[in-house]
1. Using Stokes-Einstein with the Kirkwood hydrodynamic radius over Cα pairs, what translational diffusion coefficient do you get for segment 1-137 at 37 °C and a viscosity of 0.692 mPa s, in µm²/s rounded to a whole number?
2. Under 8 Å for C-alpha pairs, at least 6 residues apart: give me the relative contact order for the chain, rounded to a whole percent.
3. Full-extension gain between residue 136 and residue 15, please, as 0.36 nm times their residue separation minus the C-alpha to C-alpha distance.
4. So, with +1 on the Cβ of K and R and -1 on the Cβ of D and E, and no other charges, what is the size of the charge dipole of segment 163-292 about its Cα centre, to the nearest 20 debye?
5. So what is log10(I(q)/I(0)) for the chain at q = 0.10, 0.13 1/Å, when the Debye sum runs over its Cα atoms only?
6. Considering the alpha-carbon set of segment 1-45 alone, what are its Rg and its Dmax in angstrom?
7. What Kirkwood radius, in Å to one decimal, follows from the Cα pairs of segment 163-292?
8. Segment 233-335: which GluC sites (Glu not before Pro) are DSSP loop and have at most 16 other beta-carbon atoms within 10 angstrom?
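Computed from the coordinates by the stated procedures, all read-outs in this text should not be read as laboratory data. Only a predicted model underlies this, so the values are computations on that prediction, with no experimental measurement involved. Glycine also receives a Cβ, built like all others from the backbone with ideal geometry; neighbour counts cover every protein chain displayed.
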Amino acid sequence: MSVTMKDIARRCGISVATVSKVLNDKDADVSEVTRELVKRTSKEMGYVVNTLARSMKTKNTKTLGIMMPDIKNAFYTDICRGAEDMAMKNGYSLFLCNTDDKIEKEIHYLEKLMEKQVDGIIIIASMERNTKMEEIQKVSVPFAVLNNNTHYPGCSVRVVVDNENGMREAVNHLASLGHRRIFYLTGRTVLPFHKDRVNGYKEGLADWSIPYDEHLLGSTEFSMEAAKCFFKLHGLPQGVTAICTGNDLMAQGVLQWAHEEGLKVPEDLSVVGYDDSIFSRISAPKLTTVHQQSYRSGELLVEELLKQIEGENRPKTVYLTSSLMARGSTGPAPR
């Protein structure tokens with residue numbers, strides 16, 4: 001049989017009420033000696049808190065859900081780590097769901113998390129969207145979204161990263177090194193950050209009076225293999241000396257392709273990634289990339305979501321800046 005508060009009280013020789021105060025962290029009027037006795041005894045007896053019973057009383061399960069496309073992608077790993085650390089700091093546990101970039105799976109997990117009675121949900125949107133499906137989906141708990149990427153009604157918190165200026169900085173960096181034919185390989189998605197980055201790419205070109213050429217804008221999946229295959233299939237347009245990519249995984253694919261083609265990076269070709277994931281710091285050469293505060297994004301999503309759970313009823317949007325991290329994969333344009 002499971003150990004109860006009555007069992008602990010009997011062994012300690014104190015009241016059940018006092019044991020309850022200590023085990024529920026409401027023990028301001030309990031002496032330090034008694035607190036230590038109750039905690040030590042409960043541990044020795046193998047007492048486990050009945051979270052279901054507690055949640056029925058408090059209407060709070062101290063759990064959050066987080067949905068993301070793929071935890072294997074280091075960008076999402078960093079977000080999840082930031083979210084988990086902030087949740088743990090505030091006494092919450094986190095349920096992780098991988099959506100594999102499928103909207104049906106995202107909605108399935110959304111409903112399952114609500115069935116589990118989580119107190120709030122964080123949504124890192126799948127690349128695949130369906131506005132009609134989202135607009136009729138009811139979300140019964142506060143939820144937070146990264147980058148304005150969903151159409152679920154009633155969003156409580158949005159954390160928005162400046163994707164437009166991030167890509168603009170990347171192009172400005174390359175142009176300052178003398179590059180004038182800059183290819184941008186983006187990922188295929190309808191999410192708003194895609195448009196923001198394309199706008200940033202065009203603005204960066206305009207800053208240096210470089211005409212926009214639609215033939216220097218390509219798209220494929222957000223993966224290493226897809227980026228590598230893209231250039232194997234299409235080659236490099238005439239005169240291109242630099243490539244910007246949709247994320248660091250794609251940049252790794254470009255580096256692999258360049259190596260197989262006998263191109264030296266950065267002597268023959270400069271490459272810029274996006275995200276500043278762990279991959280950017282362990283590649284050879286180290287990858288120039290755009291840092292978009294992924295860990296801090298995770299922290300803020302939880303931090304602001306908890307404020308909503310605790311009664312702050314006004315929807316809130318928090319903005320984060322992006323910044324260029326110049327490393328070894330970019331250099332002066334070849335003469």
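1. Taking Rh from Cα pairs, D becomes 186 µm²/s.
2. Relative contact order here is 18 percent.
3. Length gained between residue 136 and residue 15: 38.4 nm.
4. For segment 163-292, the charge dipole is close to 60 debye.
5. Values returned for q = 0.10, 0.13 Å⁻¹ are -0.68, -0.94.
6. Final numbers for Rg and Dmax: 9.4, 31 Å.
7. Result for segment 163-292 stands at 14.2 Å.
8. Counting only loop positions with at most 16 other Cβ atoms within 10 Å, the GluC sites (Glu not before Pro) in segment 233-335 are 261, 267, 310, 312.
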